[in-house]
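The values are calculated or read from the model by the stated rules, or taken from the named source; none is laboratory data. What you see is a predicted model, and the numbers here were worked out from it, not measured in a lab. Using ideal geometry, Cβ is built from the backbone for each residue, glycine included, and neighbour counts are taken over all protein chains shown. The area values use the complete protein model at the heavy-atom level, side chains included, leaving out ligands, DNA and RNA. Shrake-Rupley method; radii C 1.70, N 1.55, O 1.52, S 1.80 Å.
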Amino acid sequence: MGSQGQAAWEVLLPAVGAPARRRGRALQEALREAVRSGRLAAGTRLPSTRELAADLGVSRGLVTEAYEQLTAEGYLRSDRGAGTWVGGAARAAVPGARDLAAGTPGVRVDFRPGTPDLSLFPRSAWAAAQRSVLTRLPHPALGYPDPRGLPGLREALAAMLARRRGVVADPERLVVCSGVAQASTLLGFVLRARGLRQVGIEDPGSPEHGRLFASTGMETVWLPLDEEGLRPGPLADSGVRAVVVTPSHQFPSGISWSAERRAALLDWARAVDGYVLEDDYDGDFRYDRAPVGALQGLDPERVAYAGSVSKSLAPGLRLGWMLVPEALLAEVVERKRTMDLGNPVLDQAVLQEFVTRGGYDRQLRRCQRAYRERRDALLAALAEHLPGTRVSGIAAGLHVIARVPGRFGPPERFQARAAEAGVALRPLEEYGTARPADGDVRLVIGYAHLAPSAIDTGIRLVAEACGRG
């Protein structure tokens, strides 16, 4: 047996042990992997089918079939009368699969905002809805859906949003999408195609809004806030004709826009022929009174309203919605169609079942009770361990703004020592352009995903690391 035959024999011999009905496929897989990994290098001349079959103790037909299949795929090349050779097209694949989801290695308590308590996901109720859907969903429903979403889900969401958030909810203008992130990019592509080049975002606000619109080719313009909402003067001077806002519970400042600023924003949009994207990411969670209704209800022709189940159920579901102004609807739907042909039918049908059977309302009540308890636990822990800390914003949502006295700082030292203690915190300065001149430490503290005991532990660790002033 020559060196080429020895090499081929070594890499293919284990495949011979496969069951007879799988032996041919096993030979092909082994030969393919040997070429891809480089064990059989490019330019290697392989034994004839007769020789290799004899060495392996298999029929010549199996080897011939393997050679022909891999030659067709480009792994091998065959020269008439000159034998079969390893081709040069294959490259080794990168082994393994990396997880690019955000992780927190070495963190004992993570106060970074944006994550709900995933242990509250209603697994039993969701599984029951899945079983019900799979039992009754007709076969034709599994085809390509309306890119806007299943009609039944759009009707259920429209009714729920009108009742809970006070929006003008026409099911024909509701588009089911993969969360607020996709709603933002859909709107960004449409506005960019209409000639808009800039979008305004709140300062402070979520940098993610800017990144999403940047992916559609639009430039971000930071627009300053005060305690009532966007300041009208800078907005008018900016020249933008599109803005992204969080008026019901502004992220991250925690304010609720005043009625005067809501009206001023809509007056601006009408005057410049512009549009507003309202991100209502945690509008359902108000702990001291009924939530303030959505801005969209005041002018559905200028406001695109977006929301999702990311904070009420789980962000991994990738289910959300956008109510679209009539003038933009056809373009948004066409962009959605070309982007992904619509969200998965089964996921939509399960959410429809969950909403119409009352499961979603029950889940919101359950989350509201838990998150109110955790907010109270955070305020108590701050008062005990970091006395003098002031919390701003309304009693709502999944985070607070905490202003820790300068005696625990300065801010850079505070952050460094908290990190050394295994506590992840996010400063307010990461959410905008403003940099306070005083020495106080301003933090955006998320609490919804943490048990009350973990909240107390985390704030105590920070206090112990930074001193008690």
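In the stretch 169-180, which residues are touching an Asp or Glu at 6+ places or on another chain (Cβ under 8 Å) and in contact (Cβ under 8 Å) with a residue 40 or more places away in the chain? Once the filter is applied, which keeps residues that are touching an Asp or Glu at 6+ places or on another chain (Cβ under 8 Å) and in contact (Cβ under 8 Å) with a residue 40 or more places away in the chain, the stretch 169-180 yields R173, S178, V180.
Candidates G81, G166: the one that is loosely packed, with under 11 Cβ neighbours inside 10 Å, among the small types (G, A, S) and over 18 Å from Q363 (Cα atoms) is G81.
Considering only the stretch 207-261, state which residues are aliphatic (A, V, I, L, M), open to solvent by 40 Å² or more (accessible area, probe 1.4 Å) and farther than 18 Å from V303 by Cα.
A214
Considering only residues in the stretch 380-397 that are assigned to a helix (DSSP H, G or I) and surrounded by fewer than 17 Cβ atoms within 10 Å (Cβ to Cβ), the one that is nearest to the chain's Cα centre (by Cα) turns out to be A380.
Taken over the stretch 130-146, the criterion of being loosely packed, with under 14 Cβ neighbours inside 10 Å and within 16 Å of F354 (Cα to Cα) is satisfied by R131, L134, T135, R136.
Residues in the stretch 285-310 that are closer than 26 Å to H399 by Cβ, part of a loop (DSSP other than H, G, I, E, B) and open to solvent by less than 40 Å² (accessible area, probe 1.4 Å): F285, Y287, V292, G293, A294, V309, S310. Filtering the stretch 271-284 to residues that are aromatic (F, W, Y) and either open to solvent by less than 10 Å² (accessible area, probe 1.4 Å) or part of a loop (DSSP other than H, G, I, E, B) (or both) leaves only Y281. Here V190 fulfils each of the conditions (1) open to solvent by 30 Å² or more (accessible area, probe 1.4 Å); (2) in contact with a helix residue (DSSP H, G or I) (Cβ under 6 Å, 6 or more places away or on another chain) apart from (1). Given the criteria in contact with a Pro (Cβ under 9 Å, 6 or more places away or on another chain) and either outside any helix (DSSP H, G or I) or surrounded by 15 or more Cβ atoms within 10 Å (Cβ to Cβ) (or both), does A41 qualify? Against the criterion (in contact with a Pro (Cβ under 9 Å, 6 or more places away or on another chain) and either outside any helix (DSSP H, G or I) or surrounded by 15 or more Cβ atoms within 10 Å (Cβ to Cβ) (or both)), A41 does not qualify.
Here L313 clears all of (1) modelled with pLDDT of 95 or more; (2) more than 30 Å from Q130 (Cα to Cα); (3) in contact with a Pro (Cβ under 9 Å, 6 or more places away or on another chain); (4) part of a loop (DSSP other than H, G, I, E, B) except the condition numbered (2). One residue is enough: does the stretch 451-465 have a residue meeting the conditions open to solvent by 20 Å² or more (accessible area, probe 1.4 Å), in a loop (DSSP other than H, G, I, E, B), modelled with pLDDT of 95 or more and small (G, A, S)? Taking every residue of the stretch 451-465 in turn, at least one turns out to be open to solvent by 20 Å² or more (accessible area, probe 1.4 Å), in a loop (DSSP other than H, G, I, E, B), modelled with pLDDT of 95 or more and small (G, A, S). Kindly check whether there is at least one residue in the stretch 414-432 that is open to solvent by 20 Å² or more (accessible area, probe 1.4 Å), touching an Asp or Glu at 6+ places or on another chain (Cβ under 8 Å), farther than 14 Å from D110 by Cα and touching a residue at least 60 places away in the same chain (Cβ under 8 Å). The answer is no; no qualifying residue exists. Considering only residues in the stretch 7-56 that are β-branched (V, I, T) and in contact (Cβ under 8 Å) with a residue 40 or more places away in the chain, the one that is nearest to D79 (Cα to Cα) turns out to be T44. Looking only at residues of the stretch 35-56 that are at pLDDT 90 or above, out of contact with any strand residue (DSSP E or B) (no Cβ under 8 Å at 6 or more places or on another chain) and of a type in the set (G, A, S), we find that the one that is nearest to R91 (Cα to Cα) is A53. The combined condition, being open to solvent by 20 Å² or more (accessible area, probe 1.4 Å), within 23 Å of T246 (Cα to Cα) and without any contact (Cβ under 8 Å) to a residue 24 or more places away in the chain, is not fulfilled by R403.
Is it fair to say G149 is open to solvent by 20 Å² or more (accessible area, probe 1.4 Å) and touching a residue at least 12 places away in the same chain (Cβ under 8 Å)? When the stated conditions are applied, G149 does not pass them.
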